[in-house]
1. Examine the range B:570-580 for a residue that is part of a loop (DSSP other than H, G, I, E, B), within 42 Å of the chain's Cα centre (by Cα) and within 29 Å of A:Leu569 (Cα to Cα), and state whether such a residue exists.
2. Using beta carbons and a limit of 7 Å, which pairs, at least six apart or on different chains, have the first residue in the range A:425-445 and under 24 Å from B:Leu459 (Cβ atoms) and within 8 Å of chain B (Cβ to nearest Cβ) and the second one modelled with pLDDT of 65 or more and in a strand (DSSP E or B)?
3. Can you find, within the range A:636-668, the residue that is farthest from the other protein chains (Cβ to nearest Cβ) among those that are small (Gly, Ala, Ser) and farther than 19 Å from A:Gly711 by Cα?
4. Can you list the helices (runs of 4 or more DSSP H) lying wholly within the range B:354-459 that have 2 or more residues being farther than 24 Å from A:Glu302 by Cα and at pLDDT 75 or above?
5. From the list B:Val105, B:Val93, B:Val85, which residue is within 23 Å of B:Met146 (Cβ to Cβ), assigned to a loop (DSSP other than H, G, I, E, B), of a type in the set (A, V, I, L, M, F, W, C) and touching a helix residue (DSSP H, G or I) at 6+ places or on another chain (Cβ under 9 Å)?
6. Somewhere in the range B:289-311, is a residue among the hydroxyl-bearing types (Ser, Thr, Tyr), out of contact with any Phe, Trp or Tyr (no Cβ under 7 Å at 6 or more places or on another chain) and away from every other protein chain (no Cβ under 14 Å)?
7. Pick from A:Ala246, A:Ala278, A:Ala267, A:Ala272: which is modelled with pLDDT of 95 or more and small (Gly, Ala, Ser)?
Protein chains: 2
Amino acid sequence: MNKSNELDELRSRARGLIPLFYPSSIAVIGASEKLSKPGGIVLAHFLEDGFQGKVFPVNHRKKEIKGLQCYPTVLDIPEQVDMAVIAVTVSQVMEVLQECIAKSVKGAIIFSSGFAEVGVEGIELQEELKKLVNEHKIRICGPNCMGIINYNNSMMAAFSYSGIFPVNPPQTSKNICFLTQSGGFGLSVAVTAVSQGFGFSYYVSMGNEAESDFSDFLAFSVDDPQTSIIAGYMEGIRDGKKLALAADMAREAKKPVVIFKTGRYEASSRAALSHTGALTGSDMVYSSFFRQKGIIRPESIEELLAILTLLETKTILQGGKVAIFAYSGGHGVVMADKCVEAGLEVATLSEETLQKMSKLLPSFASVVNPIDSTGLDLVSQSLFKSCAEIVADDPGVDMLIFPYWVPKNIEEHTWEQLIQLKNSTSKPVIAIIMAGMTGAVPEHMIYLKRHGIPVIAGLDFAVKAIKKVVDYTFKVNSAKQEIIRPVSFLEKEKVEKMLAGYPPGGRLSESQAKEILLAYGIPVARERRAATAWEAVSAAEQLGYPVVLKIDSQDILHKTEARGIKLNLVSAGQVEEAFKEILANARQYKPGANITGVLVQEMLKEGTEIIVGIGNDPVFGSTVMFGLGGILVEQLGDVSLRVAPVCENDAWEMVREIKGHSILDGMRGKPPVDKRAIVDVILKLSQLVADFPQIAELDINPLVVFEDGRGACAADALIVMK
Amino acid sequence: MNKSNELDELRSRARGLIPLFYPSSIAVIGASEKLSKPGGIVLAHFLEDGFQGKVFPVNHRKKEIKGLQCYPTVLDIPEQVDMAVIAVTVSQVMEVLQECIAKSVKGAIIFSSGFAEVGVEGIELQEELKKLVNEHKIRICGPNCMGIINYNNSMMAAFSYSGIFPVNPPQTSKNICFLTQSGGFGLSVAVTAVSQGFGFSYYVSMGNEAESDFSDFLAFSVDDPQTSIIAGYMEGIRDGKKLALAADMAREAKKPVVIFKTGRYEASSRAALSHTGALTGSDMVYSSFFRQKGIIRPESIEELLAILTLLETKTILQGGKVAIFAYSGGHGVVMADKCVEAGLEVATLSEETLQKMSKLLPSFASVVNPIDSTGLDLVSQSLFKSCAEIVADDPGVDMLIFPYWVPKNIEEHTWEQLIQLKNSTSKPVIAIIMAGMTGAVPEHMIYLKRHGIPVIAGLDFAVKAIKKVVDYTFKVNSAKQEIIRPVSFLEKEKVEKMLAGYPPGGRLSESQAKEILLAYGIPVARERRAATAWEAVSAAEQLGYPVVLKIDSQDILHKTEARGIKLNLVSAGQVEEAFKEILANARQYKPGANITGVLVQEMLKEGTEIIVGIGNDPVFGSTVMFGLGGILVEQLGDVSLRVAPVCENDAWEMVREIKGHSILDGMRGKPPVDKRAIVDVILKLSQLVADFPQIAELDINPLVVFEDGRGACAADALIVMK
């Protein structure tokens, strides 16, 4: 199935979820009078919280609940039922579902627990459920979920024992869809957010995701006209490709997706044969994938809320240059520090700005950024505004930020100034309340937000949020790139034939792996295989001295460790001696290894050694990896990674992202390396694994990169088949 | 002056500050009726906020202020005056001070601004002031400060225009001294902290520190019996040695010091000739110094307050193994993630604990850490407590943490459970309120704190604070180490003679630098200097092949860049050729360089290349640096640093602290390196620079470290004199 078909299918699945959010009629199966039971809580929500659709209680032991007629089964309801909320014990769920199917119910939210979350038996039952609902195309949220809230039609199809879902919040704009893989945790975020004035459109606790999963709900919210921002809590997904599709939809629709993802604690215990494999820790793949797709990843709940504040107020952050108006010198220093730590830039004010300001300001005020706003404030209030407007006009300033810590008596007067300023400039105006709690009065935050000014509690969260929205804005505004296919049909066919010869799980020796790279246009060091010392000498004479000798065996992956490499051999004598030594070392290192011979290779001219490769992630599939050679990769894990296929922008991002990036710009008198050649190899590897997903792992280690314009050359390579 | 004398002097200076905190009588010079003036604000504080000492207004234009007799000058006051608060304009300060001196006033707080903070003229005036007060031994806080508050005697000798200093807080225990280099910023921290129930003993805004500085006030608070915790805000200090003394006093007194230090934004623009010099960014030196002295450095105000909460409740954190009782599965996952990110460990419960718990728990509850406490809660409240007690008994658990987000209705019942639990275990019990603001009711925090339970708002701040207190506890409990002096008098004398030959700012060539290292017992590669190719060959024959040839010139510091090094030369022919090439390269690289010759050096056997060195910090003086060789140091700055002199523990910390540390444990089949040899070289360099502070910079790059037990050897060295 090609991508366009996959997309059509996902969109169609998303449309199929509409009955779960906008049903005209709901059956509550397992309805109850009691507020201690899920079926009682949800019924109370429907009757008391403003839902306008029809509600039918279903409970075979009751005739009437809360004044409504109660039906023994869903089949007994005389009218059409769009959606069912299932709140029965686990043993009854399958029967109830079958009745729903018979009644042509379009979707069901299953609160009941006792499925995959409880172990073997539950997993089996969930598989059965999945089969049933897929067969009959009834859409499911859950089981083991807290349900769905639609704040647009007041449908609170959700329960919590603490009964503290926010009901009918006064917010006028409701455009944030919140998707959560933990009901309890999602609830706490929702309560916090709604109390702070965030306008949620939907809250979805998706439980075990037996049928509809995170990506389905994400796709739904992207296509939903009520939603313009999507937030979520994620512990992990099963289908990376599907999430990629949904994320692409979101990016195209310019609807930001902000996901708080956990999972760093989860031990990454997967065994891997190659470096690339070993380096692909699961959380790193998620991080890289999020970056690749423009999904914003906050590191905390507070940061999530801060990002939502910026997005909800439509604060357009086209760049990271910050002008700071601080309450005192100390506040300015602290704020500037935090900006720098977060990767923002403290703007340098232009000569023109400084001149304009110096005309307005008394001599004692020093005009530098951070600007001491209280100093201005003391002189006159209009002066404060005039100065801020001059700064806002500076083309080197992307935003104006106002860190405050102040208690209530100062606040209001300040807020009004901010609103006036906001109305007089097109640059973003952001208020930050220092030191979290003090003075962080929700009413003030809501008031300012209504005037288009985001106000964020907590310096650290604010700067991180701003940086992430700046990066998101850059990403979403950069042109979408097509994946380039650099390889001709003939070459692809050639590789197909070569790979056909290797069994699943097989490993290709260096020479075999290099043939494949060569077919995809990746330069490799010239080499000959030699079975005897005499052949080695003869090969060296053909290639020209100096040469390198390396053991060639698919059973020996780490040649250095096996002492199976000799560099810089300059004579027949040295080659002969090296040949014998390498064979002896290899036999000692791994007795019984299948040794194909010794590779005699041209000694590459000096360059910078990097590693590029392909890995395989259980969720996201093939990944492409890049890092600098040696200890940076092996001990510090300084690598970048993207899910295949990657576009050219992705490849450039990979090159720039590593910590040791500046090494590529040349150091110690060395010229800068040919980064374009690295990007080219990354793109070709991406294409290779797209064409041949049977490749599990591939390492080019090292790829020797020469100075700018001189290309790169694979000195060693390794391929492991799935 | 030796350290003990220096310490005596600092202690004596600290005692001299007592009149600033506990005066029996205060003169307010520049007293006013008006609350818009500093002299009015502070007088109102003295009269209205409970200060019991005598107060004398001084103002030559008034006869009486607020019912008190007003004096024209301080000299006119008929009684003794212990302390003066000076709130006059800058032009009057010197005269007023002279009168204070004549009156034998022991100390003065100078609010007046217009000194060093306003530029050249102010700097001069401040120097004059400094001279005057030093001569007459009157102690000064300020000028340009917000003053001192002593919460123990209700002496609010401070002003702020917003008039919002916390007055007479109800806190019973007042033991936190807060020192700040920014009055405004310190005020905001103080207001926040006091409103949250922190018990401050003193608040000191020290302004320009013309006479008494941060270290004086720190020493005062260490020796002060009212203070058991010292917190502060620091932008920078002038005298690192003095701060070191005060920090040593604090560590010895086991009074924790927590300093929020800014300064990352400040561009580090110092030029340096050696790597060590270039790598010593000022903020890094502060960080390293803080670590060395056990000063806790929070990264935010919230973290500062979180640390103070832990310290104030005497939460003893002997280790970092955490048992988590979470509100839901999701909350547990989030908490565990955060613990791991902060460097804490999610405790593995023992078999015995698991067995004990499984007897109590219903089958559905899965016993793992993080523990789902609401699951337990639903079954029975006593069960929750029993389980927590079992977990607390587990020797693999260092603390129990309880992340909550919940709103008020659940809170109180939970709090009581926590208090019961706290009373039944000796392990720390810590409450954390997730997502900052929601539910962070100060009264609850104060209530719990009174029962010995720290409650921290914000997950991120909590885990970072816990980790830092764990590290502090370890540090303060580890034995104090004497500095070892490994070098005999004779060798010291030898180096003295050698160094005497080099002028200030002079650079020593490789061979000269190595002589000095050798005298201090640091092994260096054997070598001969050669002036001609023939001499080089002869030297190589003496040393034995293979050899290394290197340019020897004090004008060429970066030999690789100058292509002035040839490795692994195995024959007379190669040596001859290399000699010529090196000379040619050097002449091309730096025409006119004074070339002493070419060094012929033994080719060291394979080892791990590291860099160790000495740097010179304008505040802290000589520093010792350690890092792994090559790009790790040059591009990533992965180095560790301590202020000299370092003790053995410091040296071991330096070795362990770098990111690439695991490389030293061996990789790729390599054996672990001789870390003890690295520690030894660090200690010897520390001694060298303690003996010869005229050494500005010293690089051993590389120091080749061999496998464990085989030592290390300096392959290259460089010394720059001050």
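The values are calculated or read from the model by the stated rules, or taken from the named source; none is laboratory data. Bear in mind the structure is a predicted one, so any value in this text is a computation, not a measurement. With ideal geometry, Cβ positions are generated from the backbone for all residues, glycine too; neighbour counts draw on all protein chains shown.
1. No, that holds for no residue.
2. A:Met434/A:Pro403; A:Met434/A:Tyr404; A:Gly436/A:Ala457; A:Gly436/B:Ala457; A:Met437/B:Ala457; A:Ala440/A:Ile433; A:Ala440/A:Ala457
3. A:Ala644
4. B:381-393, B:408-424, B:442-450
5. On inspection, the qualifying residue turns out to be B:Val105.
6. no
7. On the way: A:Ala278 fails: modelled with pLDDT of 95 or more; A:Ala267 fails: modelled with pLDDT of 95 or more; A:Ala272 fails: modelled with pLDDT of 95 or more.
Step by step, each of A:Ala246, A:Ala278, A:Ala267, A:Ala272 is checked, and only A:Ala246 is modelled with pLDDT of 95 or more and small (Gly, Ala, Ser).
Residues are listed down the side, and each one gets a yes or a no for (1) crowded, with 20+ Cβ neighbours inside 10 Å; (2) touching a Lys or Arg at 6+ places or on another chain (Cβ under 6 Å):
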{"position": "A:Ile614", "(1), (2)": "yes, no"}
{"position": "A:Phe620", "(1), (2)": "yes, no"}
{"position": "A:Phe626", "(1), (2)": "yes, no"}
{"position": "A:Arg642", "(1), (2)": "yes, no"}
{"position": "A:Glu657", "(1), (2)": "no, no"}
{"position": "A:Ile678", "(1), (2)": "yes, no"}
{"position": "A:Leu683", "(1), (2)": "yes, no"}
{"position": "A:Ala696", "(1), (2)": "yes, yes"}
